[in-house]
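Undergrad: Here it is, the structure, as structure tokens.
The values are calculated or read from the model by the stated rules, or taken from the named source; none is laboratory data. What you see is a predicted model; the values in this text were computed from it and never measured. Positions of Cβ are generated from backbone atoms using ideal geometry, with glycine treated the same way; all protein chains shown enter the neighbour counts. We work out accessible area using only protein heavy atoms, side chains counted, and drop any ligands, DNA or RNA first. Shrake-Rupley method; radii C 1.70, N 1.55, O 1.52, S 1.80 Å.
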Amino acid sequence: MSIYTTPLHFGYFLALLFTVLLVIRGFQEERLSDKLLAAVLFLLAMEIQDYTFGFSGINFLWEKLNGFPRHFGLAFAPTIYFYLKAQINRDFKLKTKHLLPYVPYAIYFIINLIVFLNGKEFIEQWQKSPNIHWLGWLETIVLWSMYVYYFYQSLKIYKEYRNWAETQFSETETISFDWLRNFIYLIIAGEVFKYTWNIADYIIDMPYENDWWWHLFTVGIICYVGIRGYAQTQPRYLHFSSKNIEKLEIKTETKTEALTPNYVDLIPKIEKLFIIEKVFLEPELSLSELAKKLKTNSSLVSAAINQHYDKNFNDFVNQYRIKEFELQCKNPENKNYTKLAIALDCGFNSKATFNRALKKFREG
């Protein structure tokens, strides 16, 4: 064991451990997102596998499996993208069409497997062939094209999801904005760091040991993704897709002119639920739950709140919670309770959401 081997061993086996745990939970709770996150962690483990064994003096992968297609870079970006889609939508299912992004990896795998099965001499001739240089560049171009496209798509759906969630839920901490954002940026940072290091290595021909640094960075990513990813909840009511945005916009546009009569009747009912029944005390209150209580549809309730109160659903609910919090703080019966305890009784279910709402509405 050394400074080189210990961190890599830890990251490698931690990734495999979380891969198993996530697969088990994915089947037990029927969570596709867990299975896909398990795949992400497995791919990260494979990313550092060669050097993990190499720094330990175990050369089996080079001596016995030289030429075997054991790298998964071409499968990485679409797997990240599909994980995000599954995490924000319990209804998302992988279909045959979703195999299309894995075609480049399938081509890479088949070509290299054929080469490997032809024996050691053929492998050595293949690796010395001038064509391998151009195939390597082609693979790199395809790889980075996939990274750019799927990371762009990932950031796009994250932004859409965040905007949508603020109109649908009163409590957004449980649906992990920070985790999704950090996950995307950390993965991007890891890939940029690795390939920047590889380019520097290509230019100045650094010693073998210097590759340890980007592997160490990958270990850090594994620790964060494994621990935070496994801790993420996925409420069964979470069903986001880009179609939700389109449908909401269409419904809002088509109902704007005819909204006024319905909305005049709806406002007193909303205020009754919030002022008298205090539905905002329910930590997981969502727009769809409120619509059910009002016996109407979510788009109409959302439009009524937006137009009459000039607020989205999240702000509308949390403003009532802050008012209740301030009222309860003045109650002598609560003098022995902390502010956080009072906030939790007022419908907040996390300190972060409470602090954010308190700052926003007190300043407002």
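Undergrad: Tell me whether the stretch 1-145 comes out rounded, prolate or oblate; compute the Cα gyration tensor, take square roots of the eigenvalues as a ≥ b ≥ c, and use a/c under 1.5 as the rounded threshold.
TA: Oblate, because a/c is 1.5 or more while a/b does not exceed b/c.
Undergrad: Also, I was wondering about something else. Restrict the search to the stretch 274-364; then list the trypsin sites (Lys or Arg not before Pro) that DSSP places in a loop and that have at most 16 other Cβ atoms within 10 Å of their Cβ.
TA: The qualifying sites are K278, K295, K311, K330, K335.
Undergrad: What ³J(HN,Hα) values, in whole Hz, does the Karplus curve 6.51 cos²θ - 1.76 cosθ + 1.60 give for the stretch 45-59 when θ = phi - 60°, with x put for Gly and Pro?
TA: 5, 5, 4, 9, 4, 4, 6, 4, 6, x, 5, 8, x, 9, 9
Undergrad: Under 1.5 on a/c is rounded, so check that first for the chain, then, if it is not, pick prolate when a/b is larger than b/c and oblate when it is not; a ≥ b ≥ c are the square roots of the alpha carbon gyration tensor eigenvalues.
TA: Details: a/c = 3.09, a/b = 2.09, b/c = 1.48.
Taking the square roots of the gyration eigenvalues as a ≥ b ≥ c, the chain is prolate.
Undergrad: How much net charge surrounds L281 when only the other residues with a Cβ under 15 Å from the Cβ of L281 are counted, with Lys and Arg +1 and Asp and Glu -1?
TA: That sum, taken over residues with Cβ under 15 Å, equals -3.
Undergrad: Once amide H atoms are built 1.01 Å from N in the peptide plane, which residues 5 or more positions from N89, or in another chain, come under 5 Å H to H?
TA: F240
Undergrad: Follow-up question, since we're still on this one. With the full set of protein chains in place, find how many percent of the accessible area of the stretch 1-95 is carbon and sulfur; take the probe as 1.4 Å.
TA: 64
Undergrad: Each residue of the stretch 132-145 in order: what ³J(HN,Hα) in whole Hz does its phi give by Karplus 6.51 cos²θ - 1.76 cosθ + 1.60, θ = phi - 60°, with x for Gly and Pro?
TA: Once rounded to whole Hz, the list reads 5, 5, 6, 5, x, 5, 4, 4, 5, 5, 4, 4, 6, 5.
Undergrad: Mind checking the full-extension length gain between F13 and F122? Use 0.36 nm per residue of separation minus the Cα-Cα distance, one decimal, nm.
TA: 35.9 nm
Undergrad: Moving to a separate point now. Considering only lysines 8 or more places apart in sequence, or on different chains, count the pairs in the stretch 1-121 whose C-alpha atoms sit under 29 Å apart.
TA: So the count works out to 8.
Undergrad: Here's something else I'd like to know. Just subtract the alpha-carbon distance of K311 and C223 from 0.36 nm times their residue separation and send over the number in nm, one decimal.
TA: In short, 27.8 nm is gained.
Undergrad: Additional query: State the Cα centre-to-centre distance between the stretch 26-73 and the stretch 135-164 in whole Å.
TA: 21
Undergrad: Work through the residues other than Y230 whose Cβ is under 9 Å from its Cβ and net out their charges, Lys, Arg +1 and Asp, Glu -1. The partial results should precede the final answer.
TA: Values: positive: R25, R228; negative: D34.
Here the count lands on +1.
Undergrad: Identify all lysines with a Cα-Cα distance to K351 below 24 Å; exclude those on the same chain that are fewer than 8 residues away in sequence.
TA: K159, K278, K311, K323, K330, K335, K339, K359, K360
Undergrad: For the stretch 200-207, take each phi angle, set θ = phi - 60°, evaluate the Karplus expression 6.51 cos²θ - 1.76 cosθ + 1.60, and give the result in whole Hz per residue in order, putting x for glycine and proline.
TA: With the stated coefficients, the stretch 200-207 comes to 4, 5, 5, 6, 10, 6, 6, x Hz.
Undergrad: At 1.4 Å probe size, with every protein chain present, just tell me what the per residue accessible area of the chain comes to in Å².
TA: Details: 20020 Å² over 364 residues.
On a per-residue basis, the chain sits at 55 Å².
Undergrad: Still on this model: Which of the aspartates and glutamates could a cross-linker span from K269 if the Cα-Cα distance has to be under 15 Å and same-chain partners fewer than 8 positions apart are dropped?
TA: Candidates past the 8-residue exclusion: E277, E289.
Undergrad: Quote to one decimal, in nm, the extra length available between V192 and I204 on full extension: 0.36 nm per residue of separation minus the C-alpha distance between them.
TA: Result: 2.5 nm gained on full extension.
Undergrad: Work out which GluC sites (Glu not before Pro) in the chain are exposed loop sites (DSSP not H, G, I, E or B, at most 16 other Cβ within 10 Å) and give the longest gap free of them.
TA: 31-256
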